[in-house]
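Encoded as C-alpha cells, the structure appears first; notes follow it.
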Amino acid sequence: MPFSGAFEHHPLIERALRVRQNPIAAYGNAVAAVALATLVRWIVGGQVIEGLPFITYYPAIIIATLAGGLWPGILATVLCSAAALYFFLPPLFSPDLNQREAVSLLLFIFMASINVAIVALLDAAVERIMAQVQNMRVLIESAPNGIVVVDERGIIKLINTSTEKLFGYSRHELLGRNVEVLVPDQQVDTHQSVRDSFQQHPEARVMGAGRDMNGRRKDGSEFTLEIGLNPVGRSGNNAVLATVIDITERKRAQESQQLIIGELQHRTLNLFAVFQAIASLSLDDAKTPAQAKFVLNGRVQALAQAYSVLAKTAWNGASLAAILDRQVAGFSSRLEVSGCDIIISPSAAHQFALITHELATNALKYGALSTPNGRISIEGKIERLNGSGTFSFAWRETGGPPVAVPNRKGFGSIILVESAKQFAHSVELDFAPQGLRYDLELQLNAIEGLSNQQGRAVVSKLRVDSA
C-alpha cells in the first residue's frame, strides 16, 4: 500500500463508525440483521441446511458486531438463539428437544460469543487506527506549512490545505501529477537531478540548501520557497515528504537588512570623513589647545544637531528652519527668520549646519550678537521655473560693532566659502562695515530632500517636537 493510503478516506469503515456512534442505529441494525437471517433460514428450509439451524445467524452476528460494537453483537447473539429456538427447534426442556439439538444450541452460543469477542477486539483496533489516522490527517491539514508527499517516480500522492493555498491548485488537480508541475520551467532539470540524488541517499535535509528555489503557482507566478525533505516509506514503497515554506517576505526582509547595513556603513564612513576634516582643520587653525577644544567642540556639536534633525525624518531630509533654530537657540528674540521652511537633503543639511554654526559663532564673538542691540536677519527665497528653480539664502547682521576684514583665512572661511561652493553655484561673503553679509544661491534639485507635501508634514512634526 502506498504511503498516502493511510490518509485516504474509507467509506465503509467511516460509515460503520458513524452507526456505532448512534445507539439507536447500532441496535436497530442488530435487530434487522437477525430478522433478515431468520427470514433467509425460513425460506431455505431444512432441505439445504438440514441439521444446521444456526448457519444463517453467524453472518448476522458478525455484521451486527462490526457495525454496532460489542453490545449490539451480544444482543444479536441472544436474539439469534431465541429465534432459532422458537422457530426451528423444539421448546427448551421439552421431550422433543433431543441431545443433538441441545448440544447444537450450546455450541452455537459458544461460537457466537467467540465471534463477538474477536470482532469486538478487531473493532477496537480499527477504531484506534482510524483515530490515529484522523489525528494525523488533522495535524497535516492544519499545518501552516505546505506538505507534499511524492513517490519514487515524482508523482504527488498527498497534499494539505496549505499547499492548495500556496500554489493555487485544488487537491484533485495535483494528486497523481508529477511534482515538477510546481517548479518553474527553467528549474525543472535542476529539480529532477536534486530529487534523483535524494532518492539515492535519502536523509532528512533542506532541498536546495545554499541557493534559492522557486515555486510556480497555477497562475504562472513564481515565489521563493524553502523545502525540507524527509524520507518515508511503507511496505517497501519509498516516498518523500516535503515541507514547503514561502520565504518571499523573509528574502525581502534580508535584502532590506542588507540595504540598511550598506547605507549605515556608507553614512558612517562619510561621518568619519567629515569629522576627520573638521578636526584636522580646526586644530591647524587654533592658536591654543583651549581654543582648539572650544572650536572643535562647537563644530562637532553643530554636526550632531544636524544628525539629530535628520534622524527624526528617517534620513529623508531635514528642515532648514529646524537647523537654524538649534544653531541660534537662546537668541531668538534678536533674530528674524523667514522663508526657510524647506526640506533639504542630508548632505545639504550637513553643509548648512556647519555654515550657520560658523556664522552664529562669528556673530557671537565679533558681530551682531556681541552687543546688546545687534540683530540678525535670515531670509530664504524660492524661485521656481519650468519644474526647477533656485533657493537664495541671505544672512544679514546689523547693530553690531564695525566689521573688520580678517587678516588671514581660517577654517571658518573655508566652510563659508570653499566648502559652500561644492553645493552652491553662487557664494558671497561681504565684511561690510555696518554688518556681515552672507549670500548663497543654490539649485533646488541639488538640495531638496522631499516633495513639498512631505516637506510641510516634516516641518510640522519638527515644530510639534520642538514645542
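Points to keep in mind about this one:
- Spacing of the two label points (7 Å from each Cα toward its C-beta) at Ala82 and Glu383, in nm: 11.5 nm
- Residue-span extension gain [Asn214 to Gln192] - 0.36 nm each, minus C-alpha spacing: 6.5 nm
- Length added when fully stretched, Thr248-Ile155, from 0.36 nm per residue minus Cα-Cα: 30.9 nm
- Cβ-Cβ FRET estimate between Ala117 and Leu36, R0 fixed at 22 Å, reported to 0.05: 0.45
- Using the 1.4 Å probe convention, the accessible area of the stretch 330-432 works out to 50 Å² per residue with neighbouring protein chains retained.
- Applying a DSSP loop filter and a limit of 14 other Cβ atoms within 10 Å to the GluC sites (Glu not before Pro) in the stretch 104-180 leaves Glu152.
- In this structure the stretch 129-172 gives 52 Å² per residue of accessible area when probed at 1.4 Å with all protein chains present.
- Of Arg100, Arg408, Arg217, the order by accessible heavy-atom surface (1.4 Å probe, DNA, RNA and ligands excluded), from most exposed downward, is Arg100, Arg408, Arg217.
The values are calculated or read from the model by the stated rules, or taken from the named source; none is laboratory data. Quantities reported herein were computed from a predicted structural model and do not represent experimental measurements. Note that we place each Cβ from the backbone using ideal geometry, even for glycine, and neighbour counts take in every protein chain shown. Areas reflect the complete protein model, heavy atoms only, side chains present, ligands, DNA and RNA absent. Shrake-Rupley method; radii C 1.70, N 1.55, O 1.52, S 1.80 Å.
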